[in-house]
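A.B. asks: This is the structure, below, for whatever I ask next.
The values are calculated or read from the model by the stated rules, or taken from the named source; none is laboratory data. All of these numbers come straight from a predicted model, not from anything done at the bench. Backbone-built Cβ (ideal geometry, glycine too); neighbour counts: all protein chains shown. Note: areas computed on protein heavy atoms with side chains; ligands, DNA, RNA excluded. Shrake-Rupley method; radii C 1.70, N 1.55, O 1.52, S 1.80 Å.
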Amino acid sequence: MGSCSKLGFSRYKTLRSIILPRALRKILVPMLGQFVTCLKDTSFLQVVGTSELMMNTIIMGKFKYSYQVIVLYALTALI
């Protein structure tokens with residue numbers, strides 16, 4: 001900040017020209033890595049969750065009447 005004020009930059013111009021580009025470069029890679037990890041975890045959990053729901057629907061369908069099995073499959077499909 002001190003060298004920018006000596007060069008005649010205002011506070012706004014210092015933030016816009018020097019500080020923000022450096023900060024963005026520094027945080028962009030970790031944020032992108034966090035986004036990719038979150039996306040992979042969400043996709044994995046969706047696949048596991050869907051298979052678990054279908055398995056539970058099949059198990060519950062063995063003990064219920066046939067019209068209730070259709071309702072269970074419809075609810076599983078909606079989720």
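A.B. asks: Would you calculate the separation in nanometres between label points at M55 and K26, each defined as 7 Å from the Cα along the Cα-to-beta-carbon direction?
C.D. replies: Calculated label separation equals 4.7 nm.
A.B. asks: Please give, to one decimal in nm, the separation of the simple spin-label points placed at Q46 and I79, each 7 Å out from Cα toward the Cβ.
C.D. replies: 1.6
A.B. asks: Against the longest principal axis of the chain, how steep is helix 20-63, in degrees 0 to 90 to the nearest 10, with axes from Cα atoms?
C.D. replies: For helix 20-63, the angle is close to 0 degrees.
A.B. asks: Another question, if that's okay. What accessible area per residue comes out for the range 8-79, rounded to a whole number of Å², with a 1.4 Å probe?
C.D. replies: Details: 6490 Å² over 72 residues.
On a per-residue basis, 90 Å².
A.B. asks: Let me ask something additional. Kindly provide log₁₀ I(q)/I(0) values, in the same order as q = 0.15, 0.21, 0.27 Å⁻¹, from the Debye equation applied to equal alpha-carbon scatterers of the chain.
C.D. replies: At q = 0.15, 0.21, 0.27 Å⁻¹ the computed log10 ratios are -0.71, -0.91, -1.12.
A.B. asks: What is the sum of charges, Lys and Arg at +1 and Asp and Glu at -1, for the other residues whose Cβ falls under 12 Å from the Cβ of S5? Mind showing how you got there, number by number?
C.D. replies: Details: positive: K6, R11, K13; negative: none.
Once all neighbours under 12 Å are counted, the net charge is +3.
A.B. asks: A further question follows. Tell me the carbon and sulfur percent of the accessible area for the range 24-79, rounded to whole percent, probe radius 1.4 Å. Working shown, then result.
C.D. replies: On the way: 3800 of 5160 Å².
Roughly 74 percent, rounded to a whole number.
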